[in-house]
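Since the structure comes first, as structure tokens, the remarks are kept for the end.
The values are calculated or read from the model by the stated rules, or taken from the named source; none is laboratory data. Just so you know, these numbers come straight off a predicted model, no measurement behind them. Positions of Cβ are backbone-derived with ideal geometry, glycine not excepted, and every protein chain shown enters the neighbour counts. Note: areas computed on protein heavy atoms with side chains; ligands, DNA, RNA excluded. Shrake-Rupley method; radii C 1.70, N 1.55, O 1.52, S 1.80 Å.
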Amino acid sequence: MINFNHTIQERKDLLGKVHQALEHFYAETKKYPVAKEWNIGEVKDYARQFPFDKKEDSTDVVLKVIKGLEKYAVHSSHPGYMGLFNPRANFPSILADFISAVLNPQLAAWSHSPYANEIERFVIQEFGKKFRYDSDSIDGTFCAGGAESNLTSVLAALNFYFPDFAKDGVFGLSKKPIIYCSTESHHSIAKAAKITGLGNDAVVSIPVGENLEMDIQLLKQQIEKDLESGFQPMMIVATAGTTGAGAIDNLEEISVIAKQNNLWFHVDAAYGGGVVVASQFLKWMKGIEKSDSITIDLHKWFSVPMGTSLFLTSNKKILHQTFKISTNYMPEDGDPNKIIDPYIHSIQWSRRFIGLKIYLPLAVFGWKGYEEVITHQVEMGNVLRGLLKENGWQIDNDSLLPIVCFSHSDFKNDNAFVKKIAEEISVSGRAWISVYPIHGKNTLRACITNYNTTKEDLKDFVQLLNTYKEKYNHAFECS
Ligand SMILES: *Cc1c(COP(=O)(O)O)cnc(C)c1O
């Protein structure tokens, strides 16, 4: 029979070569282009080069795959990547992924992986405390991403509001439940409404003010209007750090409205929640401790590999009520006061050891280490704002977070032009930025997502921007 394990010597040789290739990328990331323009046919061919109809040499296959991943991808590990919260992974978290793959603990049931489960319970408890939940009421579950965490929040709200929801589903609803969020909130809320069977129309997007935060007056009016129309207001989703421009909704005021109307109050802090590790920034999250649940993505500001998010709740009963199931093939339930079986406490069933990816770096660096890294990135955001202004660019958002939306009077937020400049910069391989419309006008958006980004990198970046701007000023004059 084929040797699925490989021999000891083969493993050693292969790991050595993989290590060498990966080390080159990890150590010299800056020498790789951040992004490139790809030929679709070439990528498709590369992905289909091993047709599975014969044996291949493992070293050859593995090294070619690494090469493909290096060549055909946007590298969020690069300090010039200033994109969509995708981080460079720190080293302990990378080891965590590797260790999990080798030992492969099954996280569905406590009894299959007690130590791994207790690590996750411990991390959930400690994160709950960071968000200043009362320590007796903290619960939560690891998720694959913010979308799953947000979906969990909608399910939790449904089960909280409609105690028979688990049994009757949407057919038991006498009134249409309404979810409130702002027009700047993440689209995973709308997706959650689709998945739960409520449908897109159950989500009411409240307009934002000049500062891009949810308009509280309009929220109040909308709730009243919906009550009069016979709908059932159910939950408010506030965003603490919007994906586009880093706005933080007024959590304190929203918590009051949620309480007055008995609504589930969820805070989507997928990215912005990272600031809770730094005491000086804690005040930006004021009011989050009054929430019923929180989404915090660790694969964003906590710099760990993809597939690591946390759903936290201050309602100890709700996950059990929402996901409880009984089977005749899973191990018997333990005492729920002592242990928790994830498969009856969350969406996933069989799953990997997600929590190790944050436990290892926290154990190694401590909260203090994270505080330093996150403070550095906030500072780099301020440095970037300063450099842009010095060079005649204007800042179009006033986020506290290192998300900078900017434009230049030379091209007056010309929507097509802003897009073109972002594309060209990304294709240059030296930086990657995106475009985000603010009050209908496109701006360039740069977010410091990488703990390695330095002031020098930012100077190079602004230099690059200036070069492209000049190039186009010149093109305009000639045309
Ligand atoms: C990124 C993001 C999400 C979605 O999280 P994923 O991890 O990509 O699934 C949800 N909400 C906000 C505010 C985000 O920034």
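For the reader, a short list of remarks on this structure follows.
- Qualifying residue in the stretch 226-238 (condition: in contact (Cβ under 8 Å) with a residue 24 or more places away in the chain and within 14 Å of the ligand (Cβ to nearest atom)): yes
- Filter result for G128 (small (G, A, S), open to solvent by less than 10 Å² (accessible area, probe 1.4 Å) and away from the ligand (no atom under 16 Å from the Cβ)): yes
- For I179, the conditions (1) at negative phi; (2) in contact with a Ser or Thr (Cβ under 7 Å, 6 or more places away or on another chain) are fulfilled apart from (2).
- Filtered residue count, the stretch 178-198, keeping only those that are touching a Pro at 6+ places or on another chain (Cβ under 8 Å) and either crowded, with 22+ Cβ neighbours inside 10 Å or modelled with pLDDT under 95 (or both): 3
- Restricting the stretch 55-112 to residues that are open to solvent by less than 30 Å² (accessible area, probe 1.4 Å), within 16 Å of the ligand (Cβ to nearest atom) and of a type in the set (S, T, N, Q), the residue that is modelled with the highest pLDDT: S93
- Test result for L212, touching a Cys at 6+ places or on another chain (Cβ under 9 Å), of a type outside the set (G, A, S) and under 22 Å from L251 (Cβ atoms): no
- Filtered by the rule that a residue be closer than 30 Å to T453 by Cα, open to solvent by 40 Å² or more (accessible area, probe 1.4 Å) and of a type outside the set (S, T, Y), the stretch 324-383 gives L360, A363, V364, F365, W367, K368, E371, E372, V373, H376, E379, N382.
- Among the conditions (1) away from the ligand (no atom under 16 Å from the Cβ); (2) open to solvent by 20 Å² or more (accessible area, probe 1.4 Å); (3) in contact with a Leu (Cβ under 6 Å, 6 or more places away or on another chain), the only one that G287 does not satisfy is (2).
- Count of residues meeting criterion [within 16 Å of the ligand (Cβ to nearest atom) and crowded, with 20+ Cβ neighbours inside 10 Å] in the stretch 131-153: 13
- The requirement of being more than 12 Å from the ligand (Cβ to nearest atom) and either open to solvent by 10 Å² or more (accessible area, probe 1.4 Å) or touching a residue at least 12 places away in the same chain (Cβ under 8 Å) (or both) is satisfied by A278.
- Search result, residues across the stretch 351-410 that are part of a helix (DSSP H, G or I) and among the aromatic types (F, W, Y): Y359, F365, W367, Y370
- Any hit, the stretch 395-410, residues being open to solvent by 20 Å² or more (accessible area, probe 1.4 Å), farther than 21 Å from G307 by Cα and β-branched (V, I, T): yes
- The stretch 239-257, subset among the polar types (S, T, N, Q) and within 15 Å of the ligand (Cβ to nearest atom), residue nearest to the chain's Cα centre (by Cα): T243
- The test for being open to solvent by less than 10 Å² (accessible area, probe 1.4 Å), small (G, A, S) and within 10 Å of the ligand (Cβ to nearest atom) holds for G272.
- Single match in V427, V418 (criterion: of a type in the set (A, V, I, L, M), open to solvent by 10 Å² or more (accessible area, probe 1.4 Å) and either modelled with pLDDT under 95 or under 25 Å from F302 (Cα atoms) (or both)): V427
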